[in-house]
Amino acid sequence: PRPTAEMGYRYSAWFMEQRYGNDPLAHEHDCPMPLRPTQDLILTYSRPGDLVVDPFCGGGTVPCAAATTGRAYLGIDVDPKALELSGRRLDW
């Protein structure tokens, strides 16, 4: 998917490819999210330097997408294994 212009119109249904690119750690979580659509959402609804908060960060896709798009991030999860995976993904 291509990034949408800043604050562009969004449809209510999206069709996205489920690709995980060169991130071998994405599949270590039970419910992985693809990075590119997550980056697209962050680019559309925030500005560089903004803080992106994910209160259920799981495998860390949102913190990774925030980091790669110039945003600060805060990932929270009750599962210690998910937080450990998030930390490893942020080091890739």
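Scanning region 71-92 for residues that are open to solvent by 60 Å² or more (accessible area, probe 1.4 Å) and assigned to a loop (DSSP other than H, G, I, E, B) returns Ile76, Val78, Asp79, Asp91, Trp92. Residues in region 42-50: is at least one crowded, with 16+ Cβ neighbours inside 10 Å and not in a helix (DSSP H, G or I)? Within region 42-50, one or more residues are crowded, with 16+ Cβ neighbours inside 10 Å and not in a helix (DSSP H, G or I).
The values are calculated or read from the model by the stated rules, or taken from the named source; none is laboratory data. Everything quoted here is computed from the prediction, not taken from an experiment. Reconstructed Cβ throughout: ideal geometry from the backbone, glycine too, with neighbour counts over all protein chains shown. In case anyone asks, the SASA skips ligands and DNA or RNA and just uses the protein heavy atoms, side chains included. Shrake-Rupley method; radii C 1.70, N 1.55, O 1.52, S 1.80 Å.
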